[in-house]
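Novice: Structure provided below as structure tokens; questions to follow.
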Amino acid sequence: MDNSCLIKAENISIQFGDRQVLQNVSLTVKQGQVLTLIGPNGAGKTTLVRIILGLLKPQSGHLEKPKNLRIGYMPQKLHVEATMPITVRRFLELARHKSSAPISEILEEVQITHLMNHQLRSISGGEMQRVLLARALSQQPQLLVLDEPAQGVDVSGQAELYQLINDIRARHNCGVLMISHDLHLVMAKTDEVVCLNHHICCHGRPEQVSVDPSYLALFGKKEAKNLAVYTHNHNHHHDLTGEVVEHKHD
Amino acid sequence: MTDFIIKALIAGLCIAFVAGPLGSFVVWRRMSYFGDTLAHSSLLGIAIGILMDINLQIAVIASSVFFAGLLIVLERNKTLSTDTLLGILAHGTLAFGMLILSLSNTVQINLMGYLFGDLLTIGTQDLWWIGACSALVAALLLKYWNGLLAVTVHEELAKVEGVPVGKLHALMVLMVALLIAVSMKIIGVLLITSLLIIPPAAARKLAQTPEQMALGASLVGGLSVCGGLLLSYFWDTPAGPSIVVTACCFFVLSYLVPALFTNKN
């Protein structure tokens with residue numbers, strides 16, 4: 001395993017009951033690289049991420065990561081119990097180490113300094129995603145793992161959030177493993193795309209193709225440069241049960 | 001004031017002080033039914049203790065810890081939903097305990113005292129048990145506070161960040177078991193969890209941070225013990241219900257008073 005390699009997963013398989021959720025999935029994430037996992041609902045994306053995080057054990061396959069790899073994890077969403085009074089600051093303090101940057105600095109990086117003393121339950125969905133990103137950053141991560149980071153964020157907020165993630169990647173030179181459905185927003189900044197549907201359908205560099213005028217109008221020029229469409233050429237399709245069916249050539 | 005009420009007061013305050021922060025976790029983690037189950041199972045501990053003629057306090061602690069461990073193991077295996085599991089254990093152990101007690105005619109025991117608490121029964125030895133166990137739980141809470149809180153807010157996030165989630169969960173359950181076991185005599189099997197739930201619920205309204213809620217709950221719990229014991233002393237009411245009724249009054253006040261203020265403005 002070379003030095004810049006953060007995650008090396010080989011032939012990961014897992015089954016829940018009779019359902020084969022992941023089948024021989026292999027991927028690597030390197031330092032400074034952005035890998036985006038795409039795929040339909042129920043394709044096993046979150047399961048794969050949970051295995052990589054060590055929250056779930058694969059039934060077969062091999063997972064290699066450097067010792068003491070610092071991971072910043074941003075879960076899909078955070079449910080705060082109504083009975084739990086907690087401010088943004090206290091929430092971030094929960095994850096602090098001796099070497100973490102001051103909380104005000106981290107909040108500044110994700111541009112939510114003004115929320116420091118707000119109750120976690122009172123902030124909006126978009127603000128919450130930034131708080132979660134701040135929590136991931138407090139780990140001084142070598143690898144950021146983001147599970148649908150823009151979930152519950154409005155359209156213009158999504159572009160800003162992905163821009164922020166891109167800035168963070170550049171500044172900290174960390175690897176990023178991300179699940180995303182917002183293809184038009186993430187593709188231009190992604191080094192590698194993995195299309196997952198229980199197995200890896202295809203993977204590789206995304207193609208930067210065109211810029212849709214309506215997106216241009218919506219996001220402005222800066223973001224528009226980041227937009228691209230990823231065309232992926234399947235050599236097979238799936239039947240209703242998810243089984244692979246080779247294309248017929250007649 | 002007589003000796004016994006001072007003993008009961010000291011014991012009650014020790015328990016209330018620790019029950020504040022511990023009960024806050026029970027509220028945040030939705031473990032109240034869990035606490036009930038452990039409390040009910042301690043009656044089985046009493047019954048077995050009487051049957052085998054061993055120190056009752058030790059018998060209760062042992063059975064409480066045993067059932068706490070059993071619950072942790074059964075929860076991990078997930079064969080039944082936790083809710084169902086707790087229901088079976090809670091009522092099964094309570095019924096089994098009552099059955100054993102009614103069959104053993106050798107000792108006349110004060111069943112009402114165990115069910116609802118009796119401050120007349122607090123002796124010097126009980127006071128030592130309560131003091132030592134409260135101090136132990138308080139020390140553990142202080143030492144692992146941040147980790148316990150991290151696990152409570154988001155378990156998976158805490159796990160990725162390197163917090164020993166499984167161990168802390170087990171610790172939490174054992175602490176609840178221990179506190180319930182020692183406070184049974186004063187509050188009673190059937191009402192014990194209310195001292196874990198009601199004071200934190202009353203403190204919730206005014207708290208901005210988890211620490212404020214925990215300490216506020218200790219305060220409300222302490223005041224409820226004082227009020228309840230006074231009620232019990234002067235009107236000869238049972239100790240457990242008196243304390244719980246006082247706590248309920250604080251809870252209602254915590255919701256009514258802020259509401260009245262906002263209406264005036």
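Novice: State all residues of the range A:121-166 that are surrounded by 21 or more Cβ atoms within 10 Å (Cβ to Cβ), within 14 Å of chain B (Cβ to nearest Cβ) and more than 27 Å from residue A:31 (Cβ to Cβ); if no residue qualifies, say none.
Specialist: A:128
Novice: If you don't mind, another one. Keeping to the range B:112-140, report how many residues are closer than 27 Å to residue B:232 by Cα and within 19 Å of the chain's Cα centre (by Cα). Lay out the reasoning, then the answer.
Specialist: Our first condition is that a residue be closer than 27 Å to residue B:232 by Cα; within the range B:112-140, this holds for B:112-135.
Then keep just the ones that are within 19 Å of the chain's Cα centre (by Cα); that gives B:112-119, B:121-122, B:126-135.
Matching residues across the range B:112-140 total 20.
Novice: Within the group B:51, B:74, which residue is away from chain A (no Cβ under 14 Å), among the aliphatic types (A, V, I, L, M) and closer than 30 Å to residue A:17 by Cα? Break it down into steps so the answer makes sense when it comes.
Specialist: Working: B:51 fails: closer than 30 Å to residue A:17 by Cα.
Checking each option against the conditions leaves just B:74.
Novice: Identify, from the list A:95, A:101, the residue that is in contact with an Asp or Glu (Cβ under 6 Å, 6 or more places away or on another chain), assigned to a loop (DSSP other than H, G, I, E, B) and either outside the structural domain of residue A:26 (by TED's automatic domain parsing) or among the acidic types (Asp, Glu) (or both).
Specialist: Working: A:101 fails: in contact with an Asp or Glu (Cβ under 6 Å, 6 or more places away or on another chain).
None of the others qualify; the one that does is A:95.
Novice: If I filter the range B:32-44 for residues that are within 14 Å of chain A (Cβ to nearest Cβ) and in contact with a helix residue (DSSP H, G or I) (Cβ under 8 Å, 6 or more places away or on another chain), do I get at least one hit?
Specialist: Of the range B:32-44, the ones within 14 Å of chain A (Cβ to nearest Cβ) are B:32.
Next cut, in contact with a helix residue (DSSP H, G or I) (Cβ under 8 Å, 6 or more places away or on another chain) only: B:32.
Within the range B:32-44, one or more residues are within 14 Å of chain A (Cβ to nearest Cβ) and in contact with a helix residue (DSSP H, G or I) (Cβ under 8 Å, 6 or more places away or on another chain).
Novice: Next question, about the same structure. From the residues in the range A:52-67 that are hydrophobic (A, V, I, L, M, F, W, C) and within 13 Å of chain B (Cβ to nearest Cβ), which one is nearest to residue A:25 (Cα to Cα)?
Specialist: Of the range A:52-67, the ones hydrophobic (A, V, I, L, M, F, W, C) are A:52-53, A:55-56, A:63.
Applying the additional criterion that residues be within 13 Å of chain B (Cβ to nearest Cβ) yields A:52-53, A:55-56.
Numbers: A:52: 11, A:53: 15, A:55: 17, A:56: 15 Å.
Only one residue fits best here, namely A:52.
Novice: Hey, residue B:208 hits all of (1) more than 14 Å from chain A (Cβ to nearest Cβ); (2) surrounded by fewer than 19 Cβ atoms within 10 Å (Cβ to Cβ) but one; which does it fall short on?
Specialist: So the condition that residue B:208 fails would be (1).
Novice: Out of B:232, B:194, B:224, report the one residue that is part of a helix (DSSP H, G or I), within 13 Å of the chain's Cα centre (by Cα) and more than 10 Å from every other protein chain (Cβ to nearest Cβ). Can you show your working first?
Specialist: On the way: B:232 fails: within 13 Å of the chain's Cα centre (by Cα); B:224 fails: within 13 Å of the chain's Cα centre (by Cα).
On inspection, the qualifying residue turns out to be B:194.
Novice: What is the one condition in (1) in contact (Cβ under 8 Å) with a residue 60 or more places away in the chain; (2) surrounded by 14 or more Cβ atoms within 10 Å (Cβ to Cβ); (3) more than 11 Å from chain B (Cβ to nearest Cβ) that residue A:71 does not satisfy?
Specialist: So the condition that residue A:71 fails would be (3).
Novice: How many residues does the range A:75-103 contain that are of a type in the set (A, V, I, L, M, F, W, C) and more than 9 Å from every other protein chain (Cβ to nearest Cβ)?
Specialist: Here is the first cut: in the range A:75-103, the residues of a type in the set (A, V, I, L, M, F, W, C) are A:78, A:80, A:82, A:84, A:86, A:88, A:91-92, A:94-95, A:101, A:103.
The next check asks that each one be more than 9 Å from every other protein chain (Cβ to nearest Cβ); those that pass are A:88, A:92, A:101, A:103.
Qualifying residue count, the range A:75-103: 4.
The values are calculated or read from the model by the stated rules, or taken from the named source; none is laboratory data. The structure presented is a predicted model; accordingly, all values stated were derived computationally and were not measured. Here Cβ is always computed from backbone atoms with ideal geometry, including for glycine, and neighbour counts include all displayed protein chains.
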